[in-house]
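Notes follow the structure.
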Amino acid sequence: MADQQFDIVVLGGGSAGYAAAIRATQLGFSAAVIEKDKLGGTCLHRGCVPTKALLHAAEIADVAREGEHYGINTSLDGIDVARVNAFRENLVAGKFKGLQGLLKANKITVIAGEGKLTSPTTVQVGGDTITGKHIVLATGSYSRTLPGLEIGGRVITSEHALELQEVPQRVAILGGGVIGVEFASVWRSFGAEVTIIEGLPHLVPNEEESVSKQLERAFRKRGIDFKLGVRFKSVSQDANGVTVSLEDGATVSADYLLVAVGRGPVTQGLGFEEVGIEMDRGFVLANERLATNVPGVYAIGDIVPGLQLAHRGYQQGIFVAEEIAGLNPVVVEDVNIPKVTYCDPEIASVGLTEAKAREKFGAENVTSYEYNLAGNAKSSILGTAGTVKAVRVNDGPVVGVHMIGARMSELVGEAQLIVNWEAHPEDVAPLVHGHPTQNETIGETMLKLAGKPLHAI
């Protein structure tokens, strides 16, 4: 039996957990991270990083197909899945090695094993008791499924999809949210026939409706099929494929069914409820300062209701360490955290949709403008279509920015500064944006809302 003591003990070594530990040691605390799998969690090993590696490979495939349009004689001879997977695995391995070195450099103790909360100040790992003056819960999430829909065989989750050693000829995707449309984009670029099944009226239903409609048009143009507003009923499978039955009587046949209906919190069997922590459907309830109802115990990342994003996890990890240190860090609401969907075309957004802004401030008090990328030289060079839409309160700040088009993820940084600093379009309009860049699209949108458009009508 061993008993180790620290100022802060973090249960979970994913994005949120290791960020909390790093910031804690910067502030002079001793910190331990308990991780049953690998540091970096889902994001590094099974989520953000490997999926974006696949998406980049898919982009290369599309560029090869389209070279002739730009006067470059290229062609796509095929997809070498083994080498694509090797690229992805090597990338992840390099980042994992770097992360291990980062925690070592910050003098963070990493404890391998499955931890269980046994009191407000102790976590049990095997026969060892790890004691902390403060406990931070950061145990992450898993791929959910629907009641009665069993994962196995040709019914797969995103984790299994990453490991496929083939490009499916036909694939069905249950769920038109971020994970679903990203894999749809990859597989279509690799040559598969793709059908998305989404029970709500639009793809990426949490985005601005005009953005969802533009994505649907773009996907139709790419040959990606989708069925909206219809619910899944059942699936049958054999050695050769799956048949998905929908509630409207339609069926979809495919080699695989990817279940992409969201992620659930990893909290079961970890002692949280026994210690008295308030829960709701598996999620840990925490206040806006990320404190649970049990003094000294905090919760961060995917186990806290709200956006399940790695960068939200980073922010919450930093926040919690600073909160424990008494620095009174600033709360950033979930709505003002940037969101990015890395399909083709990309989607990036921050802040309120126009509908939500009208609901909050009154329809008569809200103005919006949607700038078309057709007016942007760099977007035309790249051959992308899309828009940048900003929503403002009349005579007040910008409260939302919503974008669709190639490389929009790289613009969301300025967009989130505008929204979070509550900038008025008149504040941004005098600032200079390099030409020709896609960044100009934000500048043009702000100029229009400030009443002095240049390349907008």
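Just so you know, all these numbers are worked out from the coordinates, no wet-lab data involved. Bear in mind the structure is a predicted one, so any value in this text is a computation, not a measurement. With ideal geometry, Cβ positions are generated from the backbone for all residues, glycine too; neighbour counts draw on all protein chains shown.
Taking every C-alpha pair closer than 8 Å and separated by at least 6 residues, the mean separation divided by the residue count of segment 155-261 gives a relative contact order of 36 percent. Rg/Rh for segment 42-134 (Cα atoms only, Rh after Kirkwood) is 1.26. Of the beta bridges in the chain, as assigned by DSSP with both residues counted there, near 60 percent are antiparallel.
Put the Cα centre of segment 290-348 next to the Cα centre of segment 22-45 and the gap is 15 Å. All Cα-Cα distances of the chain, cut into 20 Å bins from zero to the largest, leave 23, 52, 24, 1 percent in each bin in turn. For the chain, the list of Cys residues with no other Cys C-beta under 4.7 Å reads 343.
Distance from the Cα centre of segment 376-449 to that of segment 74-98, in angstrom? What the calculation gives is 33 Å, centre to centre.
Pairs of Cα atoms nearer than 8 Å and 6+ residues apart set the relative contact order; for segment 290-385 it is 13 percent. Cross-linked pairs 38/104; 221/360; 36/339; 227/339; 36/97: Cα-Cα separations exceed 26 Å for 221/360; 36/339. Each of 224, 347 has some number of other Cβ atoms within 10 Å of its Cβ, and from fewest to most they run 224, 347.
Projected label points at residue 435 and residue 133, each 7 Å from Cα along the beta carbon direction, are separated by 5.7 nanometres.
For segment 345-449, what does the alpha-carbon gyration tensor say about shape, rounded, prolate or oblate, given a ≥ b ≥ c as the root eigenvalues, a/c under 1.5 as rounded, and a/b over b/c as prolate? It is prolate, given that a/c is not under 1.5 and a/b is the larger ratio. Label zone (residue 165, point 7 Å along Cα-to-C-beta; backbone nitrogen cut-off 19 Å) within segment 73-99: 79-90.
Of the residues 153, 71, 316, the one whose Cα sits farthest towards the positive end of the charge dipole of the chain is 71 (charges of +1 on Lys and Arg Cβ, -1 on Asp and Glu Cβ, taken about the Cα centre). For the chain, the 222 nm mean residue ellipticity estimated from helices alone, with every DSSP H stretch of n ≥ 4 adding -39500 (n - 2.57) and the total spread over all residues, rounds to -9500 deg cm²/dmol. Annotation: peptides 260-270, 225-235, ranked by per-residue average of other Cβ atoms within 10 Å with the highest first, follow the order 260-270, 225-235. Considering only alpha-carbon pairs that sit under 8 angstrom and 6 or more positions apart, the relative contact order computed for the chain is 15 percent.
Take each peptide in 360-370, 71-81, 91-101, count the other Cβ atoms within 10 Å of every residue, and average; sorted highest first, the result is 360-370, 91-101, 71-81.
Quick check: from the Cα gyration tensor, does segment 155-261 come out rounded (a/c under 1.5), prolate or oblate? Judged from the Cα gyration tensor, segment 155-261 comes out oblate (a/c at least 1.5, b/c at or above a/b).
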